[in-house]
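Chemist: Attaching a single structure in structure tokens format; questions to follow.
Read-outs throughout are calculated quantities, based only on the coordinates presented, and are distinct from any laboratory measurement. What you see is a predicted model, and the numbers here were worked out from it, not measured in a lab. Heads up, the Cβs are rebuilt from the backbone with ideal geometry, glycines too, and the neighbour counts pull from every protein chain shown.
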Amino acid sequence: MPNDSVLLPTALVGSYPQPEWLIDRPELVKSVVRTRTDHLWRIPKELRQQAFDDATLLAVHDQERAGLDIITDGEQSRESYSNHFAEGLDGVDVDKPGEAPNRFGKLIPVPRVYGAIKRKHPMEKHSVEVVRKNTDRKVKVTIPGPCTQAVMAQNDYYKDKEELAYAFAAVVKEEIMDAFAAGADIVQLDEPWMVSFSDQARLFGIKALNRAIEGVKPRPSCKVAVHLCLGYSHVVKNKPNRYEFFAELEDSGADQISIETAEPKLDLSSLQEIKKKDLIIGVLNLGDMKIETPEEVAERIRGALKYVSAERLVIAPDCGMKYLPRKVAFSKMKAMVDGAKIVRKELA
């Protein structure tokens, strides 16, 4: 396993392109699904788990071949970052969905909460075990965060969205603990709708997040990250160069905060708002099919180093790598690793 002291460790945000034999990619990119979309899978249901495991091994192999320090399952068994989790919960209906506004105010199909939320079974434990058995590097897994899940649901049961968020926090906490027990080193909670619905995030998002995180770490080396997303590049154009919700996470229980910097051309001076936590910074523009050169990646890292010490930085792509062609994704990932190596040598 890589030494904890390695400067500028590299990792995916979470996802990696799934093989064409596993998922209908032309259909996948048409929308960001929130409910059950079984028709996307090319593999019969009875063979799907085996196919997911095989695809996960391919994703692990690609990450290791590119030289990443931290390995994920590439979210190979998910249609999207969130709906997979909702399918594993009692009290949540993904077959007769409700509606909620997206970041543009358009009503979209979302899970409908009709009863008390409980886990039917662990959702990501198996994926963590597969990755852990097949790499000696650090392992990260991603789980949708409680605030995003609450905002991205029709609430037909709980008193209000805040109470709903706390219900989601309870099952997320169980999931985090199972992931660490299965061998994960880092658990990342995906909270993109904290940015899109910052008023609700300020009202109850941090409280729900802290409820999910408190007391989950079985080992001092375990870390919890929170990922903030400005939207997938094939859906959101003209991303803002600042985060509407960011500095508020400084006082949360998270150890790391993950953000995009490349495509939105983020005002990197905003990184100064976080003084105590590690920052996972996206340095690959996933809205551009052009493969960055290692030097271009290195320059983006140098920009962040003006405001954050190297000891607090983790290097990653921007969000949504699963939507790229596989060859493009791998080449960008390799450029990211090589760019980080350039800067490491400069700092040595």
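Chemist: Write out the chymotrypsin sites (Phe, Trp or Tyr not before Pro) in segment 59-122 meeting two conditions: DSSP loop, and at most 15 other Cβ atoms within 10 Å of their Cβ. Don't jump to the answer; show the numbers that get you there.
Modeler: Details: sites: TYR81, PHE85, PHE104, TYR114; in loops: TYR81, PHE104.
Passing sites in segment 59-122 are PHE104.
Chemist: Would you compute the Debye intensity of segment 95-231 from its alpha-carbon atoms alone, equal scatterers and no solvent, and pass along log10 I(q)/I(0) at q = 0.13, 0.17 Å⁻¹ to two decimals?
Modeler: -0.56, -0.92
Chemist: Going by C-beta contacts inside 10 Å, put PHE180, PHE197 in order with the fewest on the left. Intermediate results must be reported in sequence, preceding the final value.
Modeler: Details: PHE180 21, PHE197 24.
In increasing order of surrounding Cβ atoms, one gets PHE180, PHE197.
Chemist: Within the chain, which DSSP H helices have Cα atoms that stretch 24 Å or more along the helix axis and a mean Kyte-Doolittle hydropathy of at least 0.0?
Modeler: Within the chain the helices that satisfy the rule are 161-181.
Chemist: Between LYS237 and SER221, how many nm apart are label points set 7 Å from Cα along the C-beta direction?
Modeler: Inter-label distance under the simple model: 4.7 nm.
Chemist: Now for a separate question. Compute, for segment 25-347, the length of the dipole vector about the Cα centre, with Cβ point charges of +1 (Lys, Arg) and -1 (Asp, Glu) only. Units Debye, rounded to 20.
Modeler: Values: 51 positive and 50 negative charges, 77 e Å.
So the dipole magnitude of segment 25-347 works out to roughly 380 debye.
Chemist: Could you tell me the extents of the chain's C-alpha atoms along the three principal axes, largest first, rounded to whole Å?
Modeler: 56, 43, 41
Chemist: Quick one, what does Rg over Rh come out to for segment 238-338 if you take C-alpha atoms and the Kirkwood Rh? Can you show the working numbers first?
Modeler: Working: Rg = 13.4 Å, Rh = 13.9 Å.
On the Cα set of segment 238-338, Rg over Rh gives 0.96.
Chemist: Okay, next question. Among DSSP beta bridges lying fully in the chain, give the percent that are antiparallel, nearest 5.
Modeler: Details: 9 of 37 bridges.
Bridges in the chain that DSSP calls antiparallel: roughly 25 percent.
Chemist: Measuring from label point to label point, each 7 Å out along Cα→Cβ, what is the GLU64 to ARG202 span in nm?
Modeler: The answer from the label model is 4.7 nm.
Chemist: Rank ALA55, ASN285, ILE23 by how far each Cα sits towards the positive end of the charge dipole of the chain (+1 on Lys, Arg Cβ; -1 on Asp, Glu Cβ) and give me just the farthest.
Modeler: ASN285
Chemist: A follow-up question, please. Helix-only estimate, please: 222 nm mean residue ellipticity of the chain, summing -39500 (n - 2.57) across DSSP H runs of length 4 or more and dividing by its residues, to the nearest 500. Intermediate values should be presented prior to the final figure.
Modeler: On the way: 10 runs with 109 residues, N = 348.
Helix-only estimate at 222 nm: -9500 deg cm²/dmol.
Chemist: Quickly work out the LYS327-to-ALA310 label distance, labels modelled 7 Å from Cα along the C-beta direction, and quote it in nm with one decimal.
Modeler: 3.5 nm
Chemist: Would you mind working out the magnitude of the charge dipole of segment 1-151 relative to its Cα centre, with +1 at each Lys and Arg C-beta and -1 at each Asp and Glu C-beta, to the nearest 20 Debye?
Modeler: Values: 22 positive and 22 negative charges, 88 e Å.
Magnitude of the dipole: close to 420 debye.
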